[in-house]
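Down below is the structure, laid out as structure tokens.
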Amino acid sequence: MPDPKPIESWMTDMDGVLVHEGKLIPGADEFIRRLRAAGTPFLVLTNNSIYTPRDLRFRLLATGLDIPADCIWTSAMATAAFLSDQRPEGSAHVIGEAGLTTALHEIGYVLTSTAPDYVILGETRTYSFEAVTTAIRLILDGARFVATNPDPTGPSRDGVLPATGSVAALISRATGVQPYFVGKPNPLMMRAALNRLQAHSESTVMIGDRMDTDVVAGLEAGMRTVLVLTGITHVEDVDRFPFRPSRVLHSIADLVDELPVQP
């Protein structure tokens, strides 16, 4: 096997890698500080479509992480990039929050419930029977069904919450139409992120806490992958999957000493 190319850029998941239940994971701040000090290209990826990058920057600052907004890539942004390529300046009925609606407005999309090109489902904490019913009727009338990510549940301080994948399953059951999921593990999100970084997969590493999203997405996009055990996946779970990460580490702190030290 040829020697791997030197690492020139990094991608990392957010929840379970940098923060957990709103608190900094030890070592994450130093990891980000070294990347920024060295000028190493990096992106923080998240399947959460609720917040804009500016919102997430503010929330991360509260934990002690200083990450520029332009270093954050969300499933809402990936969805907008996908739609802009597929059907420029189209129309959509959206179930979601500001992170998704802002991303769609920025690509020139019109948000409407009148014969939209798409029904787009994202993360929200205010799902309503009325909103889901409208989405079902529009899809039955011919709107294409897109969802930001397939995660069935999401974390909270009070325990798991139903997420986009669960609501998508409800809509699919009622319509017989399966959504196109843009976010992880779809490698489309990873390739769009690589384009944003102007990076090559052979010299980029993906860090994540989930085998079924982060690791498989990085693997299918051609990147080296690092699984950290500070989130969803436990070490005993790894062998249950037909694929493996390049490395398994306790936390992102184990990578800090591999980065250059800058004054």
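The values are calculated or read from the model by the stated rules, or taken from the named source; none is laboratory data. Every value quoted in this text rests on a predicted model; they were computed, and no experiment measured them. Cβ atoms come from the backbone with ideal geometry, glycine included; neighbour counts cover every protein chain shown.
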Within region 197-207, is there a residue that is under 15 Å from the mean Cα position of the chain (by Cα), under 30 Å from Leu138 (Cβ atoms) and either surrounded by 16 or more Cβ atoms within 10 Å (Cβ to Cβ) or hydrophobic (A, V, I, L, M, F, W, C) (or both)?
no
Does region 166-181 include one or more residues that are surrounded by fewer than 23 Cβ atoms within 10 Å (Cβ to Cβ) and touching a Gly at 6+ places or on another chain (Cβ under 7 Å)?
no
Cβ-Cβ below 6 Å, separation at least six or inter-chain, first residue in region 47-61 and buried (at least 19 other Cβ atoms within 10 Å of the Cβ), second acidic (Asp, Glu) and not in a helix (DSSP H, G or I): which pairs?
Asn47/Asp151; Asn48/Glu123; Ser49/Glu123; Ile50/Glu97; Ile50/Glu123
So is Thr204 hydroxyl-bearing (Ser, Thr, Tyr) and either farther than 20 Å from Ser9 by Cβ or without any contact (Cβ under 8 Å) to a residue 60 or more places away in the chain (or both) or not?
no
From (1) within 21 Å of Ala169 (Cα to Cα); (2) touching a residue at least 60 places away in the same chain (Cβ under 8 Å); (3) assigned to a helix (DSSP H, G or I), pick out the condition that doesn't hold for Glu123.
(3)
Of the conditions (1) surrounded by 24 or more Cβ atoms within 10 Å (Cβ to Cβ); (2) in contact with a Phe, Trp or Tyr (Cβ under 6 Å, 6 or more places away or on another chain); (3) not aromatic (Phe, Trp, Tyr), Leu43 fails just one. Which one is it?
(1)
Expected output for region 172-200 (first residue assigned by TED's automatic domain parsing to the domain that holds Phe145, partner surrounded by fewer than 20 Cβ atoms within 10 Å (Cβ to Cβ) and assigned to a loop (DSSP other than H, G, I, E, B), Cβ below 8 Å, 6+ apart or cross-chain) is Ser172/Gln178
Inspect region 210-217 for any residue being surrounded by fewer than 19 Cβ atoms within 10 Å (Cβ to Cβ), of a type in the set (A, V, I, L, M), at pLDDT 95 or above and not in a strand (DSSP E or B) and give the result as yes or no.
no
Can you tell me which of (1) exposed (fewer than 13 other Cβ atoms within 10 Å of the Cβ); (2) part of a helix (DSSP H, G or I); (3) touching a residue at least 24 places away in the same chain (Cβ under 8 Å) is the one Asp237 doesn't meet?
(1)
Is it the case that region 73-92 has a residue that's among the hydroxyl-bearing types (Ser, Thr, Tyr), surrounded by fewer than 21 Cβ atoms within 10 Å (Cβ to Cβ), over 20 Å from Gly142 (Cα atoms) and assigned by TED's automatic domain parsing to the domain that holds Ala135?
no
Options Ala98, Ala169, Ala147, Ala103; residue that is at pLDDT 95 or above, out of contact with any strand residue (DSSP E or B) (no Cβ under 8 Å at 6 or more places or on another chain) and closer than 23 Å to Met14 by Cβ:
Ala98
State whether the residues of region 148-167 include one that is more than 23 Å from the chain's Cα centre (by Cα), of a type in the set (A, V, I, L, M) and not in a loop (DSSP other than H, G, I, E, B).
no
Top-ranked residue in region 222-234 [being of a type in the set (A, V, I, L, M, F, W, C) and crowded, with 23+ Cβ neighbours inside 10 Å; ranked as nearest to Val17 (Cα to Cα)]
Val228
Which of the residues that make up region 240-257 are among the aliphatic types (A, V, I, L, M) and touching a residue at least 60 places away in the same chain (Cβ under 8 Å)?
Ile252, Ala253, Leu255, Val256
Go over the candidates Asp29, Asp15 one by one and state the one that is in the same structural domain as Val205 (by TED's automatic domain parsing) and under 23 Å from Ser201 (Cα atoms).
Asp15
